Amino acid sequence: MAGADMIRPSRAWRFGAFSRRPPGPALGRLAVLIGLLLVVAVLSLCAGQHWLSPAEVLRALTGQGRESDALVINLLRLPRVVLALLAGGALGVAGLLLQTLVRNPLASPDLLGVGPGAAAAAVLFLAYGAGVVSPGWLPVAAIAGALACGVAVYALAWKGGVTPLRLVLTGVAVASLASAVTTFVLVRGPANATLSAYVWLTGSVFGATWTDIARLAAWLAPLGIAMALLARHAAIAGLGDELAQGLGQRVEAMRALLLTLAVAMAGAAVSCTGPLAFTGLIAPHLARRLIGHSFGVAAWASAAIGGLLVMVADLSGRVLFAPRDLPAGIFVAALGAAFFVQLMIRARHRAD
Amino acid sequence: MTVTPAPLACQNLHVRYDSVPVLHGLDLTLPPGRITVFVGSNGCGKSTLLKSFARLLAPDQGTVLLNGRDIAQQSSAQVARALSMLPQSATAPEGLTVHDLVRLGRYPHQNWLRQWSREDEAQVDAALHDTGLSALRDRPVDTLSGGQRQRAWIAMTLAQDAPVMLLDEPTTYLDLAHQIEVLDLIDRLNTERGKTVVMVLHDLNLAARYAHHMVALRDGAVVAAGAPAEVMDVTLVKRVFDLDCQIIADPLFGTPLCVPFGKGRRPPASS
């Protein structure tokens, strides 16, 4: 046994005080994933009512192509791609974080009422606020709704601390309440607001502007840095309270911090795109199954797969039903439903 | 073998669990460098006592002393470097490999910059080696057998590199052969690595075989504490488990062996 240990080469990245364990084969898989992401991104830039070749796309991006192409790419297609990547990535990481924290693979940001909360606030805004203030405030209203629901879930679940089970049960209750508000406004609110509310509720990256992206990026940048700093704590939190505490983690404080991070990330994403249901559920699953299970690797992979999912959904919506442009949310939901059923069948077989 | 002077003690310890008083004023000093086993019937407070020593439960009254100082006054990381705790029936996140799990044991020694130092690597390799898991390091924990899985958890707490190890029923759900395997491993960690071990065991006879120091509890109070050969007798078993028995010497180890009488079934008259 000792001999086997000796033969094994030491793998480490060490520079002075800095040290990390390289992810090993997962790194290669991650690289393939990023490659795939780039291919789909380029394809997304090519596709549309007016197809462009990859070479034309490249020329347009570098400012050497036709002016009309550059306009289409820079004003219409590129913002969609970037928004899909950012929002999908944020939802993927938020989903992974929540699944880790509540130790349940079926958890997603919607569990804490992020999606329903954002939706209720957005629909209220569209029905009663749009005439009063600029429609540019819609994302702000949505993120406020998401955060409010997150805080409400946490506060209601508190009983000298928050257990994952109480969190899940309270989350279901608060999400139902938020959905009830949404339905009420759709039924009773002004008729002209209903259609735009429905479009928002489906979730899409249609009509993305660089202003949206700048705002989302400004939100996500500090959250991403915080995530990178806290990744090792999240991995420990995933072991459960007693083990985490035994390893020296301040369990309640860390849970509150990580939950805030997840809600803020998902809320920011959803505020710009509308609820892209299931992204936060599917991306972490695929990431763990295809790329790797250790938290750091899974976090990068969840971000990439989340971005990829939304991008593919948006691309499908544009191409499959051209010249009509269907919201990405429809495809994410359809994909998610199929995936969810498959997940349950798998779990059932394992239980047998 | 070095005897680590890491005394764990409690004074006048009162603990509630879900607002029900469980422990009623316990005074204990656990011998350093030895194996201490808590025994008692279900609900006697032995797990609560272990959790109090691990600071998983805060006392109502009284104090737990770690290295002579009130454990409540020490930082979480400080406590984690002094003692490791393996709770009952821990479950690993799905798909996590043995190596990734054991690596998490290094948490109290790491910071953002230093997450895989030479010391981390050496400790993890040693933990895998000592638990016989070197060859299984890349296997997901959830694909291991019960005994291997328990060894993986022990390896994780071993990588934590704390002089005191607390284990809550480390043999639960294991068949007899695997129970012995895990207890032999714990015994070896005590003799070869000088770990102070404190654990809860259900099986009185295995407790008597492996413990240097036995603490018998009933209704949240200590009935007896000392070497098994000195404290474990017919009276003790009657008081702790409310069970009639005969105590004979274990034919292999000479430690006390409890042979219980049934409540209904009696031995044939000839014996």
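Quick check on B:LEU113: is it out of contact with any helix residue (DSSP H, G or I) (no Cβ under 9 Å at 6 or more places or on another chain) and of a type in the set (A, V, I, L, M)?
Yes.
Please work out which one of (1) touching a strand residue (DSSP E or B) at 6+ places or on another chain (Cβ under 8 Å); (2) away from chain A (no Cβ under 12 Å) is the condition B:ALA162 fails and give its number.
It is condition (2) that B:ALA162 fails.
Just to verify a result, which residue in the stretch B:92-133, among those that are closer than 17 Å to A:VAL297 by Cα and not hydrophobic (A, V, I, L, M, F, W, C), is surrounded by the fewest Cβ atoms within 10 Å (Cβ to Cβ)?
My answer is B:GLU94.
Considering every residue within the stretch A:334-347, establish whether at least one is modelled with pLDDT of 85 or more and of a type in the set (Lys, Arg).
No, there is no match, as no residue in the stretch A:334-347 is modelled with pLDDT of 85 or more and of a type in the set (Lys, Arg).
Give just the number: which of (1) assigned to a helix (DSSP H, G or I); (2) modelled with pLDDT of 95 or more does B:GLY147 not satisfy?
For B:GLY147, the exception is condition (2).
Which one of A:ALA70, A:ALA47, A:ALA31, A:ALA41 is more than 30 Å from A:PHE295 (Cβ to Cβ), within 26 Å of the chain's Cα centre (by Cα) and at pLDDT 85 or above?
A:ALA47
From the residues in the stretch B:95-142 that are of a type in the set (Asp, Glu) and at the interface with chain A (Cβ under 7 Å from one of its Cβ atoms), which one is farthest from A:PRO23 (Cα to Cα)? Give the steps one after another, and end with the answer.
Step one: list which residues in the stretch B:95-142 are of a type in the set (Asp, Glu), which gives B:100, B:119-121, B:125, B:130, B:138, B:142.
Next, from what is left, pick out any that are at the interface with chain A (Cβ under 7 Å from one of its Cβ atoms): B:100, B:121, B:125.
Details: B:ASP100: 10, B:GLU121: 14, B:ASP125: 17 Å.
Per the stated criteria, the residue is B:ASP125.
Are any residues in the stretch A:273-331 free of Cβ contacts under 8 Å to residues at least 12 places away in the same chain and in a helix (DSSP H, G or I), and if so, which ones?
Within the stretch A:273-331, just A:ARG289 meets the criteria.
I'd like the residue in the stretch A:240-292 that is among the charged types (D, E, K, R) and more than 11 Å from every other protein chain (Cβ to nearest Cβ) and, out of all such residues, is nearest to A:ALA118 (Cα to Cα).
If we take residues in the stretch A:240-292 being among the charged types (D, E, K, R) and more than 11 Å from every other protein chain (Cβ to nearest Cβ), then A:ARG255 is nearest to A:ALA118 (Cα to Cα).
Confirm whether B:MET214 is surrounded by 21 or more Cβ atoms within 10 Å (Cβ to Cβ), farther than 23 Å from A:GLY292 by Cα and away from every other protein chain (no Cβ under 14 Å).
yes
Scan the stretch B:68-85 for residues that are within 18 Å of the chain's Cα centre (by Cα) and in contact (Cβ under 8 Å) with a residue 40 or more places away in the chain and jot them down.
Correct list: B:ALA80, B:ARG81, B:ALA82, B:LEU83, B:SER84, B:MET85.
Say we look at the stretch A:225-239 and pick out the residues that are closer than 22 Å to A:ALA155 by Cα and more than 7 Å from chain B (Cβ to nearest Cβ); which of these is surrounded by the most Cβ atoms within 10 Å (Cβ to Cβ)?
Within the stretch A:225-239, the match that is surrounded by the most Cβ atoms within 10 Å (Cβ to Cβ) is A:ALA237.
Out of curiosity, is A:TRP158 closer than 30 Å to A:ARG255 by Cβ and among the aromatic types (Phe, Trp, Tyr)?
It is true that A:TRP158 is closer than 30 Å to A:ARG255 by Cβ and among the aromatic types (Phe, Trp, Tyr).
Which residue pairs have Cβ atoms under 7 Å apart, sit 6 or more places apart or on different chains, and have a first residue in the stretch A:333-352 that is in a helix (DSSP H, G or I) and a second that is among the aliphatic types (A, V, I, L, M) and modelled with pLDDT under 80?
Here the result reads A:ALA333/A:ALA277; A:GLY336/A:ALA277, each pair linking the stretch A:333-352 to a residue that is among the aliphatic types (A, V, I, L, M) and modelled with pLDDT under 80.
How about the stretch B:143-159: which of its residues are within 12 Å of chain A (Cβ to nearest Cβ) and hydrophobic (A, V, I, L, M, F, W, C)?
Matches in the stretch B:143-159: B:TRP153, B:MET156, B:ALA159.
With respect to the numbered conditions (1) touching a Leu at 6+ places or on another chain (Cβ under 7 Å); (2) among the polar types (S, T, N, Q); (3) within 13 Å of chain B (Cβ to nearest Cβ), which one is the sole condition not fulfilled by A:SER196?
For A:SER196, the exception is condition (3).
Working carefully through the options B:VAL37, B:VAL20, find the one that is more than 14 Å from chain A (Cβ to nearest Cβ), on the phi < 0 side of the Ramachandran plot, among the aliphatic types (A, V, I, L, M) and surrounded by fewer than 16 Cβ atoms within 10 Å (Cβ to Cβ).
B:VAL20
The values are calculated or read from the model by the stated rules, or taken from the named source; none is laboratory data. Only a predicted model underlies this, so the values are computations on that prediction, with no experimental measurement involved. Every residue, glycine among them, receives a Cβ derived from its backbone with ideal geometry; neighbour counts consider all protein chains shown.
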